[in-house]
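A short worksheet on the structure shown next.
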Amino acid sequence: MPKQSVSGSNSFKSEHAIQNEIQIALSKHKCSVFRANVGKIRLPDGRFFSTGLPSGFPDLFGFRWTDGKIFFIEVKNAKGRLRPDQIVFHKMLQRHGIIHGVARSVEDALMIVDGEQIGYGY
């Protein structure tokens, strides 16, 4: 039987849908959470504009209200795989002992944040 998350099976959910569920759950869990909008767009003159966040920056980041500890969460669906630049960013966070991990469900995200996981799922 497939693993069930708090919000149901993630087998067919998009990463975006899982990300939204995680944001809502963490917001109700005494955390402030922010979505890292990343990407590039072509400007009318043909140049590209980049958001400015480092390559591999996780999808979500925030802090716990209880103690102000920061966390980073990379959201993946059941089949999602990490890119090399995401692994490089993870290694930097791990070297500094920062709470972070890969969440494929709300359960994973809560475990990362509450359990102060460093590198869960990488």
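The values are calculated or read from the model by the stated rules, or taken from the named source; none is laboratory data. Remember, it's a predicted structure, so these values are computed and weren't measured experimentally. Here the Cβ is made from the backbone with ideal geometry for all residues, glycine too, and neighbour counts use every protein chain on show.
If you go through region 1-29 and keep only what is surrounded by 15 or more Cβ atoms within 10 Å (Cβ to Cβ), at pLDDT 95 or above and either in a loop (DSSP other than H, G, I, E, B) or over 12 Å from the mean Cα position of the chain (by Cα) (or both), you end up with Ala25, His29. It is to be established whether one or more residues within region 51-58 are surrounded by 15 or more Cβ atoms within 10 Å (Cβ to Cβ) and under 18 Å from Asp108 (Cα atoms). Scanning region 51-58 turns up at least one residue that is surrounded by 15 or more Cβ atoms within 10 Å (Cβ to Cβ) and under 18 Å from Asp108 (Cα atoms).
Here region 45-78 is the region considered, the condition is being in contact with a Ser or Thr (Cβ under 8 Å, 6 or more places away or on another chain) and assigned to a loop (DSSP other than H, G, I, E, B), and the residue that is modelled with the lowest pLDDT is Ala78.
The single condition among (1) surrounded by fewer than 16 Cβ atoms within 10 Å (Cβ to Cβ); (2) more than 13 Å from the chain's Cα centre (by Cα) that Arg64 does not satisfy is (1).
Just so you know, in region 83-110 the residues that are free of Cβ contacts under 8 Å to residues at least 40 places away in the same chain and not in a helix (DSSP H, G or I) include one that is surrounded by the fewest Cβ atoms within 10 Å (Cβ to Cβ), and it is His96. Scanning region 111-120 for residues that are touching a helix residue (DSSP H, G or I) at 6+ places or on another chain (Cβ under 7 Å) and free of Cβ contacts under 8 Å to residues at least 40 places away in the same chain gives Gln117, Ile118, Gly119, Tyr120. Filtered by the rule that a residue be modelled with pLDDT of 95 or more and at positive phi, region 30-42 gives a lone residue, Lys30.
The single condition from (1) under 22 Å from Glu21 (Cα atoms); (2) touching a Pro at 6+ places or on another chain (Cβ under 8 Å) that Phe89 fails is (1).
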